[in-house]
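The values are calculated or read from the model by the stated rules, or taken from the named source; none is laboratory data. What you see is a predicted model; the values in this text were computed from it and never measured. Glycine gets a Cβ as well: all are built from the backbone with ideal geometry, and neighbour counts include every protein chain shown. Quick note on the areas: whole protein, heavy atoms, side chains included, nothing else; ligands and nucleic acids left out. Shrake-Rupley method; radii C 1.70, N 1.55, O 1.52, S 1.80 Å.
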Amino acid sequence: MKIIANSILLLLSTVTIYGQTGKYPIPPVMTHEMTEFWTPQPDVVRPGKTGKNGAILPPSDAVVLFDGQDLSQWEKAPDKSVLVKGKDMSKFKSSENTNAQWIVKDGMLTVNKQAGDIQTKQLFGDFQLHIEWRIPEGIQGESQLRGNSGVFLQGIYEVQILDSYNSETYANGQAGSIYKQTAPLVNAMNPPGEWNIYDIIYTAPTFKPDGTYRTYPTVTILHNGILVQHHTRIMGTTPYIGLPQVVEHGKGPIRLQAHADESAPISFRNIWIREW
Ligand code: MG
(Lines give C-alpha, C1' and ligand atoms only; values in the text may rest on other atoms or scores of the structure.)
Protein backbone atom coordinates (compact mmCIF):
# COMPACT_ATOMS: atom_id res chain seq x y z
CA MET A 1 0.00 0.00 0.00
CA LYS A 2 2.81 2.31 0.98
CA ILE A 3 4.66 1.49 -2.25
CA ILE A 4 1.59 2.37 -4.29
CA ALA A 5 1.17 5.67 -2.45
CA ASN A 6 4.81 6.58 -3.08
CA SER A 7 4.45 5.68 -6.74
CA ILE A 8 1.42 7.92 -7.10
CA LEU A 9 3.32 10.80 -5.45
CA LEU A 10 6.28 10.26 -7.77
CA LEU A 11 3.96 10.20 -10.78
CA LEU A 12 2.23 13.40 -9.69
CA SER A 13 5.49 15.24 -9.13
CA THR A 14 6.79 14.07 -12.51
CA VAL A 15 3.64 15.29 -14.20
CA THR A 16 4.04 18.65 -12.41
CA ILE A 17 7.63 19.03 -13.65
CA TYR A 18 6.62 18.16 -17.18
CA GLY A 19 3.78 20.63 -16.87
CA GLN A 20 6.17 23.39 -15.83
CA THR A 21 8.69 22.69 -18.54
CA GLY A 22 5.93 22.59 -21.02
CA LYS A 23 4.55 25.97 -19.98
CA TYR A 24 7.66 28.04 -19.28
CA PRO A 25 10.98 28.41 -21.07
CA ILE A 26 13.82 26.36 -19.68
CA PRO A 27 16.71 28.62 -18.51
CA PRO A 28 19.82 27.98 -20.54
CA VAL A 29 22.77 26.33 -18.86
CA MET A 30 25.15 29.06 -17.65
CA THR A 31 28.51 29.39 -19.38
CA HIS A 32 31.38 31.69 -18.50
CA GLU A 33 30.76 33.94 -21.53
CA MET A 34 27.36 34.94 -20.21
CA THR A 35 28.85 37.00 -17.36
CA GLU A 36 31.63 38.69 -19.34
CA PHE A 37 31.32 41.96 -21.25
CA TRP A 38 33.96 43.29 -23.62
CA THR A 39 32.69 46.72 -24.53
CA PRO A 40 33.17 49.45 -23.67
CA GLN A 41 36.79 48.93 -22.72
CA PRO A 42 38.03 51.33 -19.97
CA ASP A 43 40.13 54.25 -21.20
CA VAL A 44 43.85 53.69 -20.95
CA VAL A 45 45.54 55.90 -18.32
CA ARG A 46 49.30 55.76 -17.90
CA PRO A 47 50.34 55.96 -14.24
CA GLY A 48 52.64 58.79 -13.23
CA LYS A 49 56.31 58.04 -12.81
CA THR A 50 58.24 58.75 -9.65
CA GLY A 51 59.88 62.15 -9.86
CA LYS A 52 62.49 63.93 -7.81
CA ASN A 53 62.37 63.38 -4.04
CA GLY A 54 59.89 60.56 -4.48
CA ALA A 55 57.07 62.74 -5.81
CA ILE A 56 54.46 60.84 -7.81
CA LEU A 57 53.99 62.69 -11.09
CA PRO A 58 50.52 63.10 -12.62
CA PRO A 59 48.92 60.27 -14.59
CA SER A 60 48.32 60.86 -18.29
CA ASP A 61 44.72 62.09 -18.01
CA ALA A 62 45.10 64.41 -14.99
CA VAL A 63 44.46 68.14 -14.97
CA VAL A 64 47.71 69.53 -13.58
CA LEU A 65 46.93 72.32 -11.12
CA PHE A 66 50.51 73.03 -10.05
CA ASP A 67 53.65 71.54 -11.53
CA GLY A 68 56.18 73.77 -9.82
CA GLN A 69 56.23 76.42 -12.54
CA ASP A 70 53.44 78.97 -12.15
CA LEU A 71 49.98 79.79 -10.80
CA SER A 72 48.21 80.00 -14.15
CA GLN A 73 45.52 77.60 -12.93
CA TRP A 74 44.76 79.69 -9.82
CA GLU A 75 43.17 82.96 -8.80
CA LYS A 76 42.58 84.90 -5.61
CA ALA A 77 39.57 83.41 -3.81
CA PRO A 78 36.54 85.53 -2.91
CA ASP A 79 35.68 86.19 0.71
CA LYS A 80 34.11 83.06 2.21
CA SER A 81 31.08 84.98 3.46
CA VAL A 82 30.03 85.23 -0.18
CA LEU A 83 29.95 81.48 -0.52
CA VAL A 84 27.17 80.74 1.94
CA LYS A 85 24.72 83.39 0.80
CA GLY A 86 23.51 82.25 -2.57
CA LYS A 87 22.89 79.23 -4.69
CA ASP A 88 24.53 80.77 -7.74
CA MET A 89 27.85 79.04 -8.33
CA SER A 90 29.21 82.13 -10.05
CA LYS A 91 29.50 83.38 -6.46
CA PHE A 92 32.32 80.91 -6.06
CA LYS A 93 34.29 82.83 -8.64
CA SER A 94 36.31 85.91 -7.84
CA SER A 95 34.41 88.96 -9.04
CA GLU A 96 37.68 90.71 -9.88
CA ASN A 97 39.36 87.52 -11.10
CA THR A 98 42.61 88.72 -9.60
CA ASN A 99 45.78 86.72 -9.83
CA ALA A 100 46.82 84.41 -7.05
CA GLN A 101 49.61 86.11 -5.11
CA TRP A 102 51.24 83.13 -3.41
CA ILE A 103 54.95 82.50 -3.83
CA VAL A 104 56.32 80.13 -6.46
CA LYS A 105 59.96 79.26 -5.89
CA ASP A 106 62.14 76.16 -6.23
CA GLY A 107 59.25 74.15 -7.67
CA MET A 108 57.11 74.83 -4.62
CA LEU A 109 54.07 76.96 -3.89
CA THR A 110 54.25 78.75 -0.54
CA VAL A 111 51.35 80.42 1.24
CA ASN A 112 51.31 84.22 1.29
CA LYS A 113 49.15 84.90 4.32
CA GLN A 114 48.67 88.54 3.45
CA ALA A 115 47.26 87.61 0.04
CA GLY A 116 44.45 85.42 1.39
CA ASP A 117 43.10 82.12 0.06
CA ILE A 118 43.55 81.02 -3.53
CA GLN A 119 41.37 78.73 -5.64
CA THR A 120 41.42 76.99 -8.97
CA LYS A 121 39.94 78.82 -11.93
CA GLN A 122 38.35 75.57 -13.06
CA LEU A 123 35.36 74.12 -11.20
CA PHE A 124 35.03 70.43 -10.40
CA GLY A 125 32.30 67.93 -9.50
CA ASP A 126 33.33 64.40 -8.51
CA PHE A 127 37.09 64.08 -8.45
CA GLN A 128 40.31 62.47 -7.33
CA LEU A 129 42.77 65.07 -6.03
CA HIS A 130 46.47 64.57 -5.33
CA ILE A 131 48.19 67.29 -3.33
CA GLU A 132 51.50 67.35 -1.49
CA TRP A 133 52.24 69.75 1.36
CA ARG A 134 55.04 70.42 3.78
CA ILE A 135 55.23 72.01 7.20
CA PRO A 136 58.48 73.99 7.43
CA GLU A 137 61.20 72.59 9.60
CA GLY A 138 61.44 74.39 12.93
CA ILE A 139 57.77 75.42 12.86
CA GLN A 140 56.68 77.29 15.98
CA GLY A 141 53.25 77.63 17.59
CA GLU A 142 50.72 75.30 19.18
CA SER A 143 47.47 73.55 18.41
CA GLN A 144 45.68 75.29 15.51
CA LEU A 145 48.35 77.98 15.25
CA ARG A 146 51.03 75.66 13.86
CA GLY A 147 51.18 75.29 10.08
CA ASN A 148 47.43 75.67 9.61
CA SER A 149 46.10 75.60 6.06
CA GLY A 150 43.45 73.50 4.37
CA VAL A 151 42.02 72.12 1.17
CA PHE A 152 38.42 73.22 0.58
CA LEU A 153 36.58 70.69 -1.59
CA GLN A 154 34.24 72.46 -4.01
CA GLY A 155 35.28 75.66 -2.26
CA ILE A 156 33.43 75.02 1.01
CA TYR A 157 34.31 71.68 2.69
CA GLU A 158 37.67 71.86 4.47
CA VAL A 159 40.08 68.96 4.78
CA GLN A 160 42.41 70.26 7.46
CA ILE A 161 46.12 70.82 6.91
CA LEU A 162 48.09 71.34 10.13
CA ASP A 163 51.24 70.18 11.88
CA SER A 164 49.85 67.23 13.84
CA TYR A 165 53.24 65.57 14.35
CA ASN A 166 53.75 65.45 18.14
CA SER A 167 51.37 68.40 18.39
CA GLU A 168 47.86 67.97 19.75
CA THR A 169 44.69 69.89 19.05
CA TYR A 170 41.01 68.95 19.04
CA ALA A 171 40.74 65.62 17.23
CA ASN A 172 38.28 66.85 14.62
CA GLY A 173 40.64 69.70 13.78
CA GLN A 174 43.91 67.85 13.26
CA ALA A 175 45.50 66.98 9.95
CA GLY A 176 43.29 64.66 7.94
CA SER A 177 40.08 65.75 9.64
CA ILE A 178 36.95 67.05 7.97
CA TYR A 179 37.25 70.28 9.90
CA LYS A 180 35.04 70.41 13.02
CA GLN A 181 33.23 67.26 11.84
CA THR A 182 35.16 64.01 11.57
CA ALA A 183 38.56 63.17 13.07
CA PRO A 184 40.96 61.10 10.94
CA LEU A 185 40.98 57.35 11.60
CA VAL A 186 44.67 57.60 12.53
CA ASN A 187 47.38 60.25 12.73
CA ALA A 188 49.52 59.58 9.63
CA MET A 189 51.57 62.77 9.87
CA ASN A 190 55.15 63.14 8.67
CA PRO A 191 57.42 65.42 10.71
CA PRO A 192 58.03 69.06 9.79
CA GLY A 193 60.46 69.36 6.89
CA GLU A 194 59.11 66.21 5.17
CA TRP A 195 56.40 66.13 2.53
CA ASN A 196 52.89 64.90 3.27
CA ILE A 197 50.57 63.56 0.59
CA TYR A 198 46.80 63.69 0.45
CA ASP A 199 44.95 61.57 -2.08
CA ILE A 200 41.34 62.67 -1.84
CA ILE A 201 38.43 60.89 -3.55
CA TYR A 202 35.35 63.06 -3.43
CA THR A 203 31.73 62.58 -4.45
CA ALA A 204 29.71 65.76 -4.84
CA PRO A 205 26.29 66.07 -3.21
CA THR A 206 22.95 66.16 -4.98
CA PHE A 207 20.12 68.38 -3.81
CA LYS A 208 16.36 68.28 -3.37
CA PRO A 209 14.26 71.13 -4.76
CA ASP A 210 14.23 72.73 -1.30
CA GLY A 211 18.03 73.00 -1.32
CA THR A 212 18.77 70.29 1.26
CA TYR A 213 20.95 67.31 0.44
CA ARG A 214 19.35 64.46 -1.46
CA THR A 215 22.69 62.68 -1.19
CA TYR A 216 25.45 64.00 1.03
CA PRO A 217 28.94 64.79 -0.20
CA THR A 218 31.31 61.99 0.75
CA VAL A 219 35.07 61.74 0.88
CA THR A 220 37.77 59.12 1.18
CA ILE A 221 41.27 60.31 2.06
CA LEU A 222 44.65 58.61 2.08
CA HIS A 223 47.26 60.54 4.05
CA ASN A 224 50.71 59.34 3.06
CA GLY A 225 49.04 56.23 1.66
CA ILE A 226 47.18 55.54 4.92
CA LEU A 227 43.40 55.56 5.12
CA VAL A 228 42.25 58.46 7.33
CA GLN A 229 38.70 59.05 5.99
CA HIS A 230 36.65 56.18 4.59
CA HIS A 231 33.64 57.25 2.55
CA THR A 232 32.97 59.86 5.21
CA ARG A 233 29.71 61.77 4.97
CA ILE A 234 30.26 65.53 4.97
CA MET A 235 27.45 67.18 6.92
CA GLY A 236 27.75 70.64 5.40
CA THR A 237 30.14 73.57 5.49
CA THR A 238 33.05 73.52 7.94
CA PRO A 239 32.99 76.81 9.87
CA TYR A 240 35.31 77.68 12.77
CA ILE A 241 32.31 78.75 14.84
CA GLY A 242 28.92 77.12 14.51
CA LEU A 243 27.39 74.01 13.03
CA PRO A 244 27.66 72.81 9.42
CA GLN A 245 25.40 74.66 7.00
CA VAL A 246 23.87 73.10 3.90
CA VAL A 247 24.42 75.32 0.87
CA GLU A 248 23.06 74.30 -2.50
CA HIS A 249 25.77 74.35 -5.13
CA GLY A 250 27.04 72.87 -8.35
CA LYS A 251 30.63 72.34 -9.36
CA GLY A 252 33.17 74.24 -7.27
CA PRO A 253 36.87 75.07 -7.11
CA ILE A 254 39.69 73.60 -5.09
CA ARG A 255 40.47 76.29 -2.55
CA LEU A 256 43.65 76.50 -0.45
CA GLN A 257 43.66 78.30 2.87
CA ALA A 258 45.89 81.16 3.98
CA HIS A 259 45.32 80.85 7.73
CA ALA A 260 45.87 84.00 9.74
CA ASP A 261 48.36 83.01 12.41
CA GLU A 262 51.98 83.79 13.28
CA SER A 263 53.53 80.44 12.34
CA ALA A 264 55.75 80.09 9.28
CA PRO A 265 53.86 79.50 6.00
CA ILE A 266 53.58 76.00 4.59
CA SER A 267 54.31 74.89 1.03
CA PHE A 268 52.64 72.76 -1.65
CA ARG A 269 53.85 70.89 -4.71
CA ASN A 270 52.64 68.43 -7.33
CA ILE A 271 48.90 69.17 -7.35
CA TRP A 272 46.73 67.36 -9.88
CA ILE A 273 43.12 66.30 -10.24
CA ARG A 274 41.04 63.84 -12.24
CA GLU A 275 37.29 64.26 -12.59
CA TRP A 276 35.38 61.01 -12.80
MG1 MG B 1 42.72 75.04 8.22
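MET189 exposes around 20 Å² of accessible area when a 1.4 Å probe is run over every protein chain in place.
What's the longest piece of the chain with no exposed GluC sites (Glu not before Pro), counting a site as exposed if DSSP puts it in a loop and it has at most 12 other beta carbons within 10 Å? No qualifying site falls inside 169-261, the longest such stretch. Using heavy atoms of the protein chains and a probe of 1.4 Å, the accessible area assigned to TRP102 is about 10 Å².
Loop sites here are trypsin sites (Lys or Arg not before Pro) outside DSSP states H, G, I, E and B with no more than 12 other Cβ atoms within 10 Å. The longest part of the chain free of them is 88-276. Accessible area per residue for the chain, computed on protein heavy atoms with a 1.4 Å probe, is 56 Å². Each of ASP117, ASP61, ASP79 has its accessible area taken with a 1.4 Å probe; listed largest first, they run ASP79, ASP61, ASP117. Principal-axis analysis of the Cα atoms of the chain puts helix 2-23 at an angle of about 60° to the longest axis.
The accessible surface of the range 160-204, taken with every protein chain in place and a 1.4 Å probe, is 49 percent carbon and sulfur.
Applying the criteria of a DSSP loop state and at most 14 other Cβ atoms within 10 Å to the chymotrypsin sites (Phe, Trp or Tyr not before Pro) of the range 140-248 yields TYR170, TYR240.
Measuring only protein heavy atoms, the 1.4 Å probe finds THR206 accessible over about 60 Å².
Which entries in the list LYS105/LYS251; LYS49/LYS251; LYS113/LYS180 go over 25 Å, if you measure between the two C-alpha atoms of each?
LYS105/LYS251; LYS49/LYS251
Ignoring everything except DSSP H segments at least 4 long, calculate the 222 nm mean residue ellipticity for the chain; use -39,500 (n - 2.57) per segment, divide by total residues, nearest 500. Present the calculation step by step, with values, prior to reporting the outcome.
On the way: 2 runs with 26 residues, N = 276.
Counting only the DSSP helices, I get -3000 deg cm²/dmol.
Considering only alpha-carbon pairs that sit under 8 angstrom and 6 or more positions apart, the relative contact order computed for the chain is 24 percent.
Extent along the principal axes, Cα only, for the chain: 99, 46, 37 Å, with the longest axis given first. In the range 223-276, what percent of the accessible surface is made up of carbon and sulfur (1.4 Å probe, ligands and nucleic acids excluded)? Carbon and sulfur: 57 percent of the exposed surface of the range 223-276.
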